[in-house]
Structure formats: C-alpha cells, structure tokens
Amino acid sequence: MPAGHQEAARTPLTSLPDLSAGAQAIIAQLKGGTGVVSRLAALGFTPGVEVTVVRNSGRGPLIVSLRGTSVALGRGEAARVFVADASDGPR
C-alpha cells in the first residue's frame, strides 16, 4: 500500500457535525455527488484547509471559520465534510 494510503488509514476521520465549538481540524475529504462537492469546494472546503468550528449547538446550521471567513452549513452538507485532527498532520 502506498505511503499516502497508510497515513490515511492511521488518521481517524470524523465529519464536521461531530466536532464541538472551538475544535480545529484539517479537511481530509468531501463525500457526495458532484453537485454538493462542487458547492462545498466553491465555498472553500478543500482538502488540506484548516477549519475551526465556531458554533455547533446540535441543531440548526453549523458555523465554521476557514480561509479568513465564516460559513454556515446545513447539517446535511456539513456531514459530507470529513476532517482529521489539526494536530495529526501538516497544515
């Protein structure tokens, strides 16, 4: 198995709604159809980007900060963004 795949296997991924407010993470991958993945990418959600959860009340939109701006995502969209702990790898 190539080194990149081994690293991915060691680093557990979680979706954005699983993080609490104040958590920082690195976007690892986007899952979904081309429409939702394109929309997320257009909003700046691309692999390697650091994201900070600003608000996650357990209901309603999730508010995150990335690339110097805040973005509100519906829970369905946020569940398609998979992240790794920011301390697990390079930024």
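The values are calculated or read from the model by the stated rules, or taken from the named source; none is laboratory data. Everything quoted here is computed from the prediction, not taken from an experiment. For neighbour counting, all protein chains shown are included, and Cβ atoms are generated from backbone atoms with ideal geometry for every residue, glycine included.
Annotations
- Residue that is nearest to VAL71 (Cα to Cα), among those in segment 10-60 that are in contact (Cβ under 8 Å) with a residue 12 or more places away in the chain, assigned to a helix (DSSP H, G or I) and more than 13 Å from the chain's Cα centre (by Cα): ARG39
- From the options GLY48, GLY44, GLY22, GLY35, residue that is in contact with a strand residue (DSSP E or B) (Cβ under 9 Å, 6 or more places away or on another chain), of a type in the set (Gly, Ala, Ser) and more than 15 Å from PHE82 (Cα to Cα): GLY22
- Within segment 78-89, being in a helix (DSSP H, G or I) and at pLDDT 95 or above holds for one residue alone: ALA78.
- Any hit, segment 42-53, residues being modelled with pLDDT under 95 and among the acidic types (Asp, Glu): no
Rundown of residues vs (1) within 19 Å of GLY32 (Cα to Cα); (2) touching a residue at least 60 places away in the same chain (Cβ under 8 Å); (3) aliphatic (A, V, I, L, M), yes/no style:
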residue: ILE63; (1), (2), (3): no, no, yes
residue: ARG67; (1), (2), (3): no, no, no
residue: LEU73; (1), (2), (3): yes, no, yes
residue: VAL83; (1), (2), (3): yes, yes, yes
